[in-house]
Amino acid sequence: MKSRAGSRSWVVAAAVVLFVAWGCQAKGKSSGESSAPFMSAAASVPAQAASDAPPAEKTGGFDGQKAYEYVAKQVSFGPRPSGSKALAQTQDYILAQLKSFGCAVDTDDFTSDTPIGRVPMKNIIVKIPGERRGIILLATHYDTLRMDNFVGADDGGSSTGVMLELARSLCGKRGRYAVWIAFFDGEEAMKAWSDLDSRYGSRELAAKMAISGDLKNIRAMLLADIVGTRNLRIPREASSTKALVDVVWSAARKLGYQDIFVEEESSAEDDHDSFLKRGVPAGDVITDFSRNGYWHTPQDTLDKISGKSLAIVGHVLLESVKELQTK
């Protein structure tokens, strides 16, 4: 996925899941195609995984347990690389949830030329209107690495669960500025991570917003990625806009999460780059994934995810949006 340098209440039960592998490898590694179906038993999920989320009234209305359930549903579809049937099921699920929240949603179906051929993709964008011109853009990717048995509970699933719960919290609320929540397809490389083979969805949205004139109205773009791990630790992302990172870290300190949003720095290539390159203030909220032991392996499973971690990140992002609405 990303290259990194520097220092780095009901319980959702696990079931036996049948799913189909949709290929092999991505970012920075060679890959081949695998079409053979397989059967895999889902990892047993500890009972505390969902129930460790604090009550929503303690996290600004963000429900970490619901966010966990959204992650579990995604994982139940199996591997979800771009163009796969499982990702189409995930798209339908995301859209159904957003509709149930009363969100206004745009979809953008597009086709990308990739090293494995032309691949159909879909961006999903929630648009919450504001009182003045200006957009606060929140974002995640919902596709998974093209690797056998990779279900991406943390890498793709966790941040998508957070953004779905943010949509539930924010849709219907009108602030000074519009809030858009983008669910990007095609963040993962089809073969090997590069500027051209990665970040298809975010590059697509940034380009289309430039054409429409909306790009200049983005006041801040905040991306979340790989945010569900149990021992959560999030350093400042070095390429992100410093003033925007300061807003997020100030919100984390205010809420008492300074031991999780730490005053260290490391770097990641991610979907925020597509907006940074066009002059948009952008930041990436991303854990120190190089240390989690399961990044880009089939061990990125639901048992690695904590409802508490999802709740903390969601709480900080809600508080950050509140602060950005005052600027």
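Quick rundown of the values:
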quantity: Verdict on GLY186 being at positive phi and open to solvent by 10 Å² or more (accessible area, probe 1.4 Å); calculated: no
quantity: Residue within the range 144-154 that is out of contact with any Lys or Arg (no Cβ under 8 Å at 6 or more places or on another chain), modelled with pLDDT under 95 and surrounded by fewer than 24 Cβ atoms within 10 Å (Cβ to Cβ) present; calculated: no
quantity: Condition check for LEU95: surrounded by fewer than 21 Cβ atoms within 10 Å (Cβ to Cβ) and either among the aromatic types (Phe, Trp, Tyr) or within 19 Å of the chain's Cα centre (by Cα) (or both); calculated: yes
quantity: Whichever residue in the range 272-307 is among the basic types (Lys, Arg) and not in a loop (DSSP other than H, G, I, E, B) and, among such residues, is nearest to ALA192 (Cα to Cα); calculated: ARG291
quantity: Residue, least open to solvent (accessible area, probe 1.4 Å), within the range 298-325, restricted to residues that are over 21 Å from PRO81 (Cα atoms) and charged (D, E, K, R); calculated: GLU319
quantity: Filtered residue count, the range 163-202, keeping only those that are of a type in the set (A, V, I, L, M, F, W, C) and either under 12 Å from ASN123 (Cα atoms) or modelled with pLDDT under 95 (or both); calculated: 4
quantity: Leading residue by the ranking (surrounded by the most Cβ atoms within 10 Å (Cβ to Cβ)) among those in the range 198-245 that are in a helix (DSSP H, G or I) and of a type in the set (D, E, K, R); calculated: ARG203
quantity: Qualifying residue in the range 76-99 (condition: out of contact with any Ser or Thr (no Cβ under 7 Å at 6 or more places or on another chain), within 20 Å of ALA139 (Cβ to Cβ), assigned to a strand (DSSP E or B) and modelled with pLDDT of 95 or more); calculated: no
quantity: Criterion violated by HIS141 - all others in (1) of a type outside the set (Phe, Trp, Tyr); (2) in contact with an Asp or Glu (Cβ under 7 Å, 6 or more places away or on another chain); (3) farther than 21 Å from VAL316 by Cα satisfied; calculated: (3)
quantity: Within the range 66-92, considering residues that are open to solvent by less than 20 Å² (accessible area, probe 1.4 Å) and of a type in the set (Ser, Thr, Tyr), the one nearest to LYS191 (Cα to Cα); calculated: SER82
quantity: Selection within the range 102-126 - within 22 Å of LEU324 (Cβ to Cβ) and either surrounded by fewer than 17 Cβ atoms within 10 Å (Cβ to Cβ) or of a type in the set (Gly, Ala, Ser) (or both); calculated: ALA104, ASP106
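The values are calculated or read from the model by the stated rules, or taken from the named source; none is laboratory data. Here the structure is a predicted model, which is why all the values come from computation and not from measurement. In this analysis, Cβ positions are derived from the backbone assuming ideal geometry, glycine residues included, and neighbour counts consider all displayed protein chains. These area figures cover heavy atoms from the full protein model, side chains too; ligands, DNA and RNA do not enter into them. Shrake-Rupley method; radii C 1.70, N 1.55, O 1.52, S 1.80 Å.
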